[in-house]
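What follows is a short report on a single structure.
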Amino acid sequence: MLSHALFMGCVMNMANERYGMDYFNDMVERCYTFATELTEKQGHLIGTLCEYTPRELILAAGAWPVCLCGGDEAMIPAAETILPANICPLIKSTFGYSVNEANPFLQMASLTIAETTCDGKKKMYEQLMKRHPMHVLELPQKANDPDAHEHWYRELLKLRSVLEQHVGVTITDERLREAIRRMNRERRLRLALADLMQEDRPPLMGRELLNLKSLIAGLPDDLAAYERILKNLAQRPMAERSSGHRPRVLLTGVPCPHCAERIVDLIEREGGLIVVQENCTGIKPILRQVPEDAEDPIRALADYYFAIPCSVMTPNTARQELIRELVKRFRVDCIVELVWQCCLTYDIESAQTRATAASLGLPYLKIETGYSPHDDARLAVRIGALFEMCEDD
């Protein structure tokens, strides 16, 4: 059995302590301490595997939601003893943590909510549920179908019942509204940080912004930290901000979970500045608010989460509309689309993103890669060529 050191070992030390960003340098260790104390008191840690799970329902049950998406390449070989090699690295890394017993949050979670997004995840869940308690949350994927939306609403009603039975509480509408207020506050603060990237010389690099998030949602100390950082960054001297003449990059495509941030690092190491990440570890899940006084809070949550424009949805025109909006909002110079190897939905949808970039007159680069850095040198050349195109424009 492996210790949790492998999971803890991926923490970056990037932020400047004068602005409070160092608070997130030891984010994993703090979340681990919180989760350990919680479970020792018989509290409930609930695992999530996608942005479609409403954190509000978990919080309203008196439990805490923790993201279990795997980002560590070292976990993949163990996963491939059971799973095929030709599925995406996120799926294999997530499952590999279970095989290696290396993710303490997965081990501590009393229940994991597994959303039916891509086919690879759905079939991996059949293996994961042999090892961990699981509730499968069925996500309909016809984005514009009223019947699909109604099915999703019923799935959230079912999830409320599952959580009530699992935790032993009654999830009242008022408890839900309080949880919605908490998550809205977290979204507002994270969006305010993301919006700093609209400035000509933002007070953050894209990698620093990506670092400002937590595995466990809604922690009061995290919310206070976001507020401190927002206040302090306003005072960051121009000389300490991102250097001028960096191409302003929109990064879209697959999420970059904890430990899998190497493409973000590579883009900025080669001279770019990622001013916005459209993906699920970026701005996409925090752009809107859930109505806090809705008569039916479950309906409000269903409306909110079903509207996330993931590539598993069909048709998924909302994602291209969002990219267009973000290009204008953040004054983007080029678009980079990241696709994890064997992620079929984003791979196929990349043709639409390429067309969107062409219609906007923006240089576009698709990067299809895995978690291994073996192709860093080749990708650096392609990224450099992209940035030369920005200079030519």
Among helices (runs of 4 or more DSSP H) lying entirely in the range 298-393, which contain 3 or more residues that are out of contact with any strand residue (DSSP E or B) (no Cβ under 8 Å at 6 or more places or on another chain) and acidic (Asp, Glu)? 376-392
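From the list Arg288, Arg181, Arg201, exactly one residue is at pLDDT below 95 and surrounded by fewer than 20 Cβ atoms within 10 Å (Cβ to Cβ). Which is it?
Arg201
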Elements of type helices (runs of 4 or more DSSP H) in the range 50-126, at least 1 residues being over 25 Å from Gln165 (Cα atoms): 76-79, 89-100
Going by the conditions given, is Met129 touching a strand residue (DSSP E or B) at 6+ places or on another chain (Cβ under 8 Å) and surrounded by 18 or more Cβ atoms within 10 Å (Cβ to Cβ)? no
Return yes when Ala260 is more than 12 Å from Leu209 (Cα to Cα) and surrounded by fewer than 15 Cβ atoms within 10 Å (Cβ to Cβ) and no when it is not. no
Between Leu57, Leu68, which is in contact with a strand residue (DSSP E or B) (Cβ under 7 Å, 6 or more places away or on another chain), buried (at least 21 other Cβ atoms within 10 Å of the Cβ) and aliphatic (A, V, I, L, M)? Leu68
Somewhere in the range 276-298, is a residue of a type in the set (D, E, K, R), farther than 27 Å from Pro65 by Cα and touching a Ser or Thr at 6+ places or on another chain (Cβ under 9 Å)? no
Every residue in the range 25-48 that is within 15 Å of Met108 (Cα to Cα), in a loop (DSSP other than H, G, I, E, B) and either under 17 Å from the mean Cα position of the chain (by Cα) or polar (S, T, N, Q) (or both), please. Gln42
Among Arg185, Arg177, which is the only one that is part of a helix (DSSP H, G or I), more than 30 Å from Gln352 (Cα to Cα), basic (Lys, Arg) and free of Cβ contacts under 8 Å to residues at least 40 places away in the same chain? Arg185
I'd like to check something: does the range 248-261 contain any residue that is assigned to a helix (DSSP H, G or I) and in contact (Cβ under 8 Å) with a residue 60 or more places away in the chain? no
I need the full set of residues from the range 353-375 which are surrounded by 16 or more Cβ atoms within 10 Å (Cβ to Cβ) and either more than 18 Å from Arg324 (Cβ to Cβ) or within 24 Å of the chain's Cα centre (by Cα) (or both), in order please. Thr353, Thr356, Ala357, Tyr364, Leu365, Lys366, Ile367, Glu368, Thr369, Gly370, Tyr371
For Lys92, all conditions in the list (1) surrounded by fewer than 20 Cβ atoms within 10 Å (Cβ to Cβ); (2) closer than 16 Å to Leu49 by Cβ hold save one; what is the number of the exception? (1)
It is to be established whether one or more residues within the range 342-351 are free of Cβ contacts under 8 Å to residues at least 60 places away in the same chain, surrounded by fewer than 20 Cβ atoms within 10 Å (Cβ to Cβ) and within 21 Å of Ile267 (Cα to Cα). yes
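The values are calculated or read from the model by the stated rules, or taken from the named source; none is laboratory data. These numbers were taken from a predicted model, which means no experiment stands behind them. Methodologically, a virtual Cβ is constructed for each residue, glycine included, from the backbone with ideal geometry; neighbour enumeration extends over all protein chains shown.
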